[in-house]
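What follows is a set of notes on a single structure, which appears directly below.
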Amino acid sequence: MDFQSCVNIKKEWDIVGARQLGRDIARKIGFGTVDQARIATAISELARNIYLYAGTGKVCFEALEDMNQKGIRILAIDSGPGIKELSQVMEDGFSTSGGLGAGLPGVKRLMDDFDITSEEGKGTEITVIKWLR
Amino acid sequence: MSTLKLDLENYKELLQEYIKTQDEQALYQAEQFSKQSMQQNISPEEIINVHIQSLQELYPEMPDYIQASMNFLLETMISYGLAYQEHQSLREKQLELKSEISVAANMQKTLLSTVKPDVEEVDIGALSVPAKQMNGDYHHFVQDGKGSLGIAVADVIGKGVPAALCMSMIKYSMDSYPEMRMDPSVILGSLNRVVERNVDASMFITMFYGLYNSNTHTFSYSSAGHEPGFYYYSDRDEFEEIDVPGLVLGVSPETSYTQYQKKVEKGDMIILLTDGVTECRQGDRFIEQEEILHVIKQYSHLPAQETVENVYKHFERLQDFHLRDDFTLIILKRNV
């Protein structure tokens, strides 16, 4: 995967930067206001997870285009402590970041495709895609 | 997409009508619109989006700051939308769990079912009602075919599914005992070892085991920390607590149980129960023992089964039809 645009997440302020960049890309692809807001919220959630639990990491964006559809792919990657119980964090009502209804299940709902790999002690990689309809 | 478009048209018309008339009719239709949207799982931010689009079409000259403020509102609704969707999926999960539990409760009913024996010499009434779906109380009758009737009443400390699972184990241990060996002290001693070996240390089971010999009209019994029952002397018209010592099941493998015996005269009653009966509450107040005995006395002229049912109805009503604990009541009355 070749990601052109990335935002490093080190401080809370970087979450805003990631949202801004992601929203700009989404707008250029042609997403409407509601989807832009959803994509920005998903980015927030991913970036905040990095900021809170891994310390540092990055969020990258890629515009997708094939014959049938357009979309945006977002990759959130960190080398933090990793997640031991993936099925648990993907469960509704488990979220610990204090954001009601958000957490990773929230990100999954906001986007169309969701994939996560995580290794304890090595880090976490989350890839999400939203397709333009 | 086409249905959403349709909704947009609909919403735009409603909004326009309301702005023009400001009457209740349009507001009522707005209510209908929001209900329909919820049926289709539409999130609040989508409604706001429809609102923004309607405004843009109705007022092409809408000032920028209104437009910007609307976008701001939409953004703040995203998390509410997520919470709404989470709520929906948790609700589905809850329904699933509920139906699973009701299947389990039915299964438990079949597993733990016991047939109230028909004995000429003794009139028997028995009733067990769970507070929740699963019953943590248990009662069981065994007959040896030679005039002896074994009666077990047990209560798991705790309610619901864990208690019910525990009871199934007790039932199967009891089923495995030969019918010749129904001495209460032996049965409790052996169940104690089963419970001690197989059940988590935080779970306790109390049990009363009685054996009625209808040839000699003697009642032998032992108790493992169970709620004391009552004995009614017909000649004296008096109740007496059947309070005998005995450690609850599962505490120590070494426990042994003492067996007691009583001669039962005609008209005498043996009343066995669980703490769901004695700990009935009226408001915040626990009912007194005298009240229970008074109520039993009041209905004791009836056949035993009707007595227990009437006593239950009395306390069910007293507690506003909301049981706090599983309720089990058994009455044996010597007929002849």
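The values are calculated or read from the model by the stated rules, or taken from the named source; none is laboratory data. It should be emphasised that the depicted structure is a prediction, and the values quoted were computed from it without experimental measurement. Glycine gets a Cβ as well: all are built from the backbone with ideal geometry, and neighbour counts include every protein chain shown.
Residues that are modelled with pLDDT under 85, closer than 16 Å to B:Ile151 by Cα and under 28 Å from the mean Cα position of the chain (by Cα) do occur in the stretch B:162-169.
Out of everything in the stretch B:28-75 that is hydroxyl-bearing (Ser, Thr, Tyr) and over 20 Å from B:Gln88 (Cα atoms), what residue ends up being surrounded by the most Cβ atoms within 10 Å (Cβ to Cβ)? Among them, the one singled out is B:Ser54. Do we find that B:Val244 is in the same structural domain as B:Ser214 (by TED's automatic domain parsing) and in contact (Cβ under 8 Å) with a residue 60 or more places away in the chain in this structure? Criteria not met by B:Val244. The residues of the stretch B:158-183 that are touching a residue at least 60 places away in the same chain (Cβ under 8 Å) and either in contact with a His (Cβ under 7 Å, 6 or more places away or on another chain) or surrounded by fewer than 22 Cβ atoms within 10 Å (Cβ to Cβ) (or both), listed by number, are B:Lys159, B:Val161, B:Ser168, B:Lys171, B:Asp183. Being surrounded by 14 or more Cβ atoms within 10 Å (Cβ to Cβ) and modelled with pLDDT of 90 or more: is that true of B:Glu24 here? Criteria not met by B:Glu24. Among the residues of the stretch B:293-311, the ones that are within 24 Å of B:Tyr212 (Cα to Cα) and touching a Phe, Trp or Tyr at 6+ places or on another chain (Cβ under 9 Å) come to 9 in all. Here A:Ile72 meets each of (1) touching a helix residue (DSSP H, G or I) at 6+ places or on another chain (Cβ under 6 Å); (2) in a helix (DSSP H, G or I) with one exception, condition (2). Could you tell me whether the stretch B:201-208 includes any residue that is part of a loop (DSSP other than H, G, I, E, B), over 29 Å from the mean Cα position of the chain (by Cα) and not β-branched (Val, Ile, Thr)? For the stretch B:201-208, residues part of a loop (DSSP other than H, G, I, E, B), over 29 Å from the mean Cα position of the chain (by Cα) and not β-branched (Val, Ile, Thr): absent.
Taking residues in the stretch B:318-330 that are free of Cβ contacts under 8 Å to residues at least 40 places away in the same chain and more than 29 Å from B:Val115 (Cβ to Cβ), and partners anywhere that are small (Gly, Ala, Ser) and in a loop (DSSP other than H, G, I, E, B), the pairs with Cβ atoms closer than 9 Å and at least 6 places apart or on different chains are B:His322/B:Ala131. Scanning the stretch A:115-133 for residues that are under 16 Å from A:Ile39 (Cα atoms) and more than 14 Å from chain B (Cβ to nearest Cβ) gives A:Asp115, A:Ile126, A:Thr127, A:Val128, A:Ile129. Does B:Glu57 count as in contact with a helix residue (DSSP H, G or I) (Cβ under 8 Å, 6 or more places away or on another chain), within 30 Å of B:Lys20 (Cα to Cα) and at the interface with chain A (Cβ under 8 Å from one of its Cβ atoms)? Against the criterion (in contact with a helix residue (DSSP H, G or I) (Cβ under 8 Å, 6 or more places away or on another chain), within 30 Å of B:Lys20 (Cα to Cα) and at the interface with chain A (Cβ under 8 Å from one of its Cβ atoms)), B:Glu57 does not qualify. Within the stretch A:7-43, the residues that satisfy the criterion of being within 19 Å of A:Tyr53 (Cα to Cα) and outside any helix (DSSP H, G or I) are A:Val7, A:Asn8, A:Ile9, A:Lys10, A:Lys11. Here A:Gln36 fulfils each of the conditions (1) closer than 27 Å to B:Ile48 by Cα; (2) without any contact (Cβ under 8 Å) to a residue 40 or more places away in the chain; (3) touching a Phe, Trp or Tyr at 6+ places or on another chain (Cβ under 7 Å) apart from (3). Looking at the stretch A:90-99, is at least one residue within 14 Å of chain B (Cβ to nearest Cβ), at pLDDT 90 or above and either crowded, with 17+ Cβ neighbours inside 10 Å or not in a helix (DSSP H, G or I) (or both)? Within the stretch A:90-99, not a single residue is within 14 Å of chain B (Cβ to nearest Cβ), at pLDDT 90 or above and either crowded, with 17+ Cβ neighbours inside 10 Å or not in a helix (DSSP H, G or I) (or both). Per the conditions (1) closer than 16 Å to A:Gly32 by Cα; (2) more than 13 Å from every other protein chain (Cβ to nearest Cβ), the sole criterion not satisfied by B:Ile52 is (2). Of all residue pairs spaced 6 or more apart or on separate chains, those with beta-carbon atoms under 9 Å, a first member in the stretch B:86-104 that is closer than 25 Å to B:Ala164 by Cβ and a second member that is of a type in the set (Lys, Arg) are B:Ile101/B:Lys132. For A:Gly80, the conditions (1) in contact with a Pro (Cβ under 7 Å, 6 or more places away or on another chain); (2) away from every other protein chain (no Cβ under 14 Å) are fulfilled apart from (1).
Selection over the stretch B:189-232 of residues that are in contact (Cβ under 8 Å) with a residue 40 or more places away in the chain, farther than 19 Å from B:His140 by Cβ and charged (D, E, K, R) gives a count of 2. Can you find a residue that is away from every other protein chain (no Cβ under 14 Å) and free of Cβ contacts under 8 Å to residues at least 24 places away in the same chain anywhere in the stretch A:45-54? Within the stretch A:45-54 (the criterion being away from every other protein chain (no Cβ under 14 Å) and free of Cβ contacts under 8 Å to residues at least 24 places away in the same chain), the answer is no, since none of the residues qualifies. Each residue in the stretch A:1-59 was checked for being farther than 20 Å from A:Arg109 by Cα and of a type in the set (S, T, N, Q), and 5 of them qualify. Exactly one residue out of B:Ser102, B:Ser89, B:Ser69 is polar (S, T, N, Q), in contact with an Asp or Glu (Cβ under 6 Å, 6 or more places away or on another chain) and more than 30 Å from B:Ser214 (Cβ to Cβ), and it is B:Ser89.
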